[in-house]
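J.: Before I ask anything, let me first share the structure, which is written out below as structure tokens.
The values are calculated or read from the model by the stated rules, or taken from the named source; none is laboratory data. Remember, it's a predicted structure, so these values are computed and weren't measured experimentally. Every residue, glycine among them, receives a Cβ derived from its backbone with ideal geometry; neighbour counts consider all protein chains shown.
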């Protein structure tokens, strides 16, 4: 097998990133409205979707070990196959049971998909050049991901506006396109991802699984030793719960003020695209604020402002007000991600860094699952406005936790920019 150059590895990595996230962009505008169109209540959707987060929580670390034992390419191929199966289920899902199956498969897919592609790129680049500038490729992948998601959301807006297509409803059309793109993505992984033969066999797999408890123990050990880390992990719990208010309920709120779910879904295409651009803008501008007032105070201010934007989505009248608040919310969201990640990076060094970041990611999953169940139940039993206001309060309530970092002396300073990972 010929070794890829760093340029070749980066080009393949960016292409595979685009193919990975374009289907996600297609699904974002319709993922809540489609189950409602097919007969589920909002509370039923929330309960089914919560299973995805719980599945990722259980499988995230074991699937990371699987990637180390089997290699990046086989695990990513398995992930793509699982996602194709999930989307096939979604094309025909018309009951609570089938949506439960879909979200369980999506949870398995997300756990398998988390990490192998980026790890493959780093492995290939360093194999070609031990001094390779991997940070540039990782930074460019963030741009590619944002553009892919924005483009997918925009394409969904056009599909919904042009639909229905025969027996395929307007809200179902993006699912079929996403399925086709996922098949293309799987073929691209099979063609473009090359790697040395990884360790094989039951022994290697058992060894990787045995390392999972040690990774969890190391992360929990950090929690016991640092009040700052406890506070930051707690922020992630509040954040994971509160994100449901704008990630999952925006399209429902827009449908409420417009009085037409199909029109709301068509509008969410371009609005979703604009939101991802706003997120990128927020991330670009936040270093200016952080240099002026410091990262802890910046995190504090952003949590407060994001709570206010979600409250604005609940209280502002008309689609223009809801959309304006949503775009501002995403700008704050994009700014808050690097601030939070940077504070985490500054608290730890060495082998514990990956364990801590995994723990931070893991706690967001049950928090988001709880948010789905609670906020959709509030929307069903009380009102959508009450659910949004609850999410706003939870987001803002996390703000004081950032100030704990002002009194904590960091163990190390993070090297390089923190990674910002988008929500599917």
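J.: Taking residue 399 as meeting all but one of (1) surrounded by fewer than 22 Cβ atoms within 10 Å (Cβ to Cβ); (2) modelled with pLDDT under 80; (3) more than 21 Å from residue 54 (Cβ to Cβ), write down the number of the exception.
T.: Failed condition: (2).
J.: Against the conditions (1) surrounded by fewer than 16 Cβ atoms within 10 Å (Cβ to Cβ); (2) at pLDDT 90 or above; (3) over 15 Å from residue 235 (Cβ atoms), where does residue 374 fall short? Just the number, please.
T.: (1)
J.: Here is a follow-up. From the list 263, 347, which one is in a loop (DSSP other than H, G, I, E, B), out of contact with any strand residue (DSSP E or B) (no Cβ under 8 Å at 6 or more places or on another chain) and either assigned by TED's automatic domain parsing to the domain that holds residue 372 or farther than 26 Å from residue 361 by Cα (or both)?
T.: Within the list 263, 347, the selection yields 347.
J.: Answer yes or no as to whether residue 389 is closer than 22 Å to residue 106 by Cβ, modelled with pLDDT of 80 or more and crowded, with 17+ Cβ neighbours inside 10 Å. So that I can check it myself, show each step before the final result.
T.: Working: closer than 22 Å to residue 106 by Cβ: no; modelled with pLDDT of 80 or more: yes; crowded, with 17+ Cβ neighbours inside 10 Å: yes.
The answer is no for residue 389.
J.: Right, next: I'm trying to understand the selection: among the residues of the range 17-40, which are in contact with a helix residue (DSSP H, G or I) (Cβ under 6 Å, 6 or more places away or on another chain) and over 19 Å from residue 273 (Cα atoms)?
T.: Selection gives 35 alone.
J.: Out of the residues in the range 232-269 that are surrounded by fewer than 21 Cβ atoms within 10 Å (Cβ to Cβ) and farther than 29 Å from residue 340 by Cβ, state the one that is modelled with the lowest pLDDT.
T.: If we take residues in the range 232-269 being surrounded by fewer than 21 Cβ atoms within 10 Å (Cβ to Cβ) and farther than 29 Å from residue 340 by Cβ, then 262 is modelled with the lowest pLDDT.
J.: Please tell me if residue 35 is farther than 23 Å from residue 118 by Cα, surrounded by 20 or more Cβ atoms within 10 Å (Cβ to Cβ) and under 18 Å from the mean Cα position of the chain (by Cα). Talk me through it step by step, then tell me what you get.
T.: Numbers: farther than 23 Å from residue 118 by Cα: yes; surrounded by 20 or more Cβ atoms within 10 Å (Cβ to Cβ): yes; under 18 Å from the mean Cα position of the chain (by Cα): no.
The answer is no for residue 35.
J.: Ok, one more. Quick one: which residue in 149, 134 is touching a helix residue (DSSP H, G or I) at 6+ places or on another chain (Cβ under 6 Å) and modelled with pLDDT under 80?
T.: 134
Residues checked against (1) in the same structural domain as residue 146 (by TED's automatic domain parsing); (2) within 23 Å of residue 171 (Cβ to Cβ); (3) surrounded by fewer than 22 Cβ atoms within 10 Å (Cβ to Cβ); (4) modelled with pLDDT of 90 or more:
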{"site": "1", "(1), (2), (3), (4)": "yes, no, yes, no"}
{"site": "7", "(1), (2), (3), (4)": "yes, no, yes, no"}
{"site": "10", "(1), (2), (3), (4)": "yes, no, no, no"}
{"site": "23", "(1), (2), (3), (4)": "yes, yes, no, yes"}
{"site": "41", "(1), (2), (3), (4)": "yes, yes, yes, no"}
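J.: Step by step: first the residues of the range 60-81, then only those that are buried (at least 18 other Cβ atoms within 10 Å of the Cβ) and under 25 Å from residue 370 (Cβ atoms), then the one that is modelled with the lowest pLDDT. Which residue is that?
T.: Per the stated criteria, the residue is 64.
J.: Shifting gears a bit: Could you tell me how many of the residues in the range 156-188 are free of Cβ contacts under 8 Å to residues at least 60 places away in the same chain and outside any helix (DSSP H, G or I)?
T.: Count: 6.
J.: Looking at the structure I just gave you, is residue 310 without any contact (Cβ under 8 Å) to a residue 60 or more places away in the chain, in the same structural domain as residue 398 (by TED's automatic domain parsing) and buried (at least 21 other Cβ atoms within 10 Å of the Cβ)?
T.: Here the answer is no, as residue 310 does not meet what is asked.
J.: Among residues belonging to the range 333-359 that are modelled with pLDDT of 65 or more and closer than 13 Å to residue 226 by Cβ, point out the one that is nearest to the chain's Cα centre (by Cα).
T.: My answer is 359.
J.: Being surrounded by fewer than 20 Cβ atoms within 10 Å (Cβ to Cβ), assigned by TED's automatic domain parsing to the domain that holds residue 379, within 25 Å of residue 36 (Cα to Cα) and in contact (Cβ under 8 Å) with a residue 24 or more places away in the chain is the requirement here; does residue 318 meet it?
T.: Values: surrounded by fewer than 20 Cβ atoms within 10 Å (Cβ to Cβ): yes; assigned by TED's automatic domain parsing to the domain that holds residue 379: yes; within 25 Å of residue 36 (Cα to Cα): yes; in contact (Cβ under 8 Å) with a residue 24 or more places away in the chain: yes.
The answer is yes for residue 318.
Results for (1) in the same structural domain as residue 52 (by TED's automatic domain parsing); (2) closer than 16 Å to residue 183 by Cα; (3) in contact with a helix residue (DSSP H, G or I) (Cβ under 7 Å, 6 or more places away or on another chain); (4) surrounded by 18 or more Cβ atoms within 10 Å (Cβ to Cβ), shown as yes or no for each residue.
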{"residue": "85", "(1), (2), (3), (4)": "yes, yes, yes, no"}
{"residue": "91", "(1), (2), (3), (4)": "yes, yes, yes, no"}
{"residue": "94", "(1), (2), (3), (4)": "yes, no, no, no"}
{"residue": "99", "(1), (2), (3), (4)": "yes, no, yes, yes"}
{"residue": "102", "(1), (2), (3), (4)": "yes, no, yes, yes"}
{"residue": "108", "(1), (2), (3), (4)": "yes, no, yes, yes"}
{"residue": "113", "(1), (2), (3), (4)": "yes, yes, yes, yes"}
{"residue": "121", "(1), (2), (3), (4)": "yes, no, yes, yes"}
{"residue": "127", "(1), (2), (3), (4)": "yes, no, no, no"}
